[in-house]
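Just so you know, all these numbers are worked out from the coordinates, no wet-lab data involved. Computed from a predicted model, the values in this text were never measured in an experiment. No Cβ is skipped: glycine too gets one built from the backbone with ideal geometry, and neighbour counts run over all protein chains shown.
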There are 2 protein chains.
Amino acid sequence: MQNQPIGIFDSGLGGLTAVNEIRRLMPDEDFIYFGDTARIPYGTRSLEVIKKYSLQDCRFLVSKGVKAILVACGTVSSNALELLKSSFSLPIIGVVEGAAKRAAEVAEQSNGIIAVLGTDATIKSGAFTKQIEKINPSLRVVSKSCPMFVPLVENGHTATDDIAANAIANEYLSEIAPQEPSAVILGCTHYPLLSDIIGSILPYSTLISSGSEAASTLKERLYATGMLNGTGNGHTVYYTSDDTMLFAKNARRFLGSDISDSIYITDIENY
Amino acid sequence: MQNQPIGIFDSGLGGLTAVNEIRRLMPDEDFIYFGDTARIPYGTRSLEVIKKYSLQDCRFLVSKGVKAILVACGTVSSNALELLKSSFSLPIIGVVEGAAKRAAEVAEQSNGIIAVLGTDATIKSGAFTKQIEKINPSLRVVSKSCPMFVPLVENGHTATDDIAANAIANEYLSEIAPQEPSAVILGCTHYPLLSDIIGSILPYSTLISSGSEAASTLKERLYATGMLNGTGNGHTVYYTSDDTMLFAKNARRFLGSDISDSIYITDIENY
């Protein structure tokens, strides 16, 4: 059981921002990553479709013999985590819990204001807000749906001087900025690639990567249940539902390294 | 046969720009529109995935008894039209042929330069360029992939003073504008909603909507084969693979009218 790999999935490439952190935290674990690039994005789709796609994603990873699953997708974590937990018997960790905890810690030391940025479906679910309220109901949460952030990142509009990315970020953050939130949750794993632009508009805020926090939460959970692997190879295998070479090419921007010898295709609709 | 409806499909809402034109041209025909909003966009996906999705889309429309299909999606028209034509026995019209013909007519009267704008997959296919070369090899074609145009339109960034849309359009058209093409093919059915912005950057060019031209081509084809319906009700039924109410809400921007009483959901992966 300890020696089985950990499964990670996302609608596409965004979850790779969590892969970097999870491999740093757990260098002896093996990982299987699935990115659903044939059906990305998830964040603009309906609840029913998000549930269906994420059940298929988990069934695929379970078929690969994973011991636990990290849902590195803010949209799925916010809308389908309970469904996934009740459908499978292995530990499943989303990105909401860890980020909410860390944001609360930061905000409690400061002005008590937290901003949540996410996809349409994530913000509509209110998942981050509910989780923060559970931790400390006196904290104030402002949230904003940022639907253009994923296409901007996917198309490489991440440079600090990118006019379109700055215009859209300024538009999305115009009501949040004057409130000077002490913590800002990047509730979608694509958003850390826009950290410099978001940080320049919210210079007083601590930006919290939901993917990185989830990696820490998963490590704690595995340690507590004796499931941590101390003898693995730190090997990661990647699967995608669309073209493997395109995935490998785009993954470079997230990982900084070449994965073209460890990427495979899967027909996710069959799971 | 004459009385059967005409099928139209697109990856999502973009094809609705062709619906307006096709209903104006053929007021007595009935139509069945399918928008694959559970899997939009198509233009960033691989050839294999585009083929698979478009075969499913056609199988669905054929199951509804259509007499002909208008492929109101530039990506599918450029990458899978021959496959679809050889897989089904009814007339199937894409958006390449009509737009290429019209652009050639315009360019031949002027400087002979044509610009083609489209998705990644459309531009990579070279379909418009090949079709124009077939018509008149002395015309010069410049083409540009515009991957951010679909998300901009889908998220309502279409106002003439939208900073992000203008910045991205200026970037995409920076090499094309100095060449002053006489005709510009909007090779994706989303793009007509950005006509004002594109037109302001290319003031000397005639913008050609590939969806509208395809509607004319289809009418000619039906007339020539005696398949035009002169006694129908002009009724259109809509199907989507995701939430129907969301589709109806977003369709307003394209159609200017409410379709919430004639929209249904279908599980496209089963076709």
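Summary of values
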{"read-out": "Lysine pairs with alpha-carbon atoms under 17 Å apart, the stretch A:96-210, spacing 8 or more or separate chains", "value": "4"}
{"read-out": "Choice from A:SER241, A:SER205, A:SER110 with maximal GNM fluctuation in chain A (Cα, 10 Å cutoff)", "value": "A:SER110"}
{"read-out": "Alpha-carbon centroid distance for the pair the stretch B:1-74 / the stretch A:14-52, whole angstrom", "value": "31 Å"}
{"read-out": "Along principal axes, Cα extents of the stretch B:1-52, largest first, whole Å", "value": "37, 23, 16"}
{"read-out": "Cβ-based net charge around A:ASP261, under 15 Å, with every Lys or Arg adding one and every Asp or Glu removing one", "value": "+1"}
{"read-out": "Shielding score for A:231-242, defined as the mean number of other chain Cβ atoms within 10 Å", "value": "1"}
{"read-out": "The stretch B:214-271 - Rg (one decimal) and Dmax (whole number), Cα, Å", "value": "14.9, 38"}
{"read-out": "Alpha-carbon Rg/Rh ratio, for the stretch A:1-142, with Rh computed the Kirkwood way", "value": "0.98"}
{"read-out": "Residue mean of other protein chain beta carbons inside 10 Å, B:42-49", "value": "5"}
{"read-out": "Rg/Rh for the protein assembly as shown, where both radii come from Cα atoms and Rh is the Kirkwood radius", "value": "1.00"}
{"read-out": "Of A:SER209, A:SER54, A:SER125, the one that fluctuates the most in a GNM where chain A has Cα springs shorter than 10 Å", "value": "A:SER125"}
{"read-out": "Convex hull volume per residue for the stretch B:29-79, taking Cα atoms only, in Å³", "value": "79 Å³"}
{"read-out": "For peptides B:80-90, A:193-203, sequence by mean Cβ density within 10 Å, most packed first", "value": "A:193-203, B:80-90"}
{"read-out": "Relative contact order [Cα under 8 Å, 6+ residues apart], the stretch B:96-210, whole percent", "value": "34 percent"}
{"read-out": "Other protein chain Cβ atoms within 10 Å, averaged over every residue that makes up A:144-156", "value": "3"}
{"read-out": "Theoretical ellipticity at 222 nm over chain A - DSSP helices of four or more residues, -39500 (n - 2.57) apiece, nearest 500", "value": "-13000 deg cm²/dmol"}
{"read-out": "The stretch B:96-210: C-alpha pair distances exceeding 17 Å, %", "value": "49 percent"}
{"read-out": "Proxy reagent accessibility, fewest Cβ within 10 Å first, across B:THR236, A:THR240", "value": "B:THR236, A:THR240"}
{"read-out": "Whole-Å distance, taken between Cα centres, linking the stretch A:105-172 and the stretch B:150-191", "value": "28 Å"}
{"read-out": "Cα coordinate range in chain B, projected on the principal axes (Å, largest first)", "value": "48, 39, 35"}
{"read-out": "Order of B:ASP161, A:ASP243 under a 10 Å beta carbon neighbour criterion, fewest first", "value": "B:ASP161, A:ASP243"}
{"read-out": "Net charge over other residues, Cβ less than 15 angstrom from the Cβ of B:LYS144 (K, R count +1; D, E count -1)", "value": "-2"}
{"read-out": "Beta bridges per DSSP with both ends in the protein assembly as shown, % antiparallel, nearest 5", "value": "0 percent"}
{"read-out": "Candidates A:GLN179, A:GLN109, A:GLN131, ranked by Gaussian network fluctuation over chain A, Cα under 10 Å, top entry", "value": "A:GLN109"}
{"read-out": "Cβ-based exposure ranking for B:PHE9, A:PHE31, in which fewest neighbours within 10 Å come first", "value": "A:PHE31, B:PHE9"}
{"read-out": "Normalised contact order of chain A, rounded percent, pairs of Cα under 8 Å and 6 or more residues apart", "value": "28 percent"}
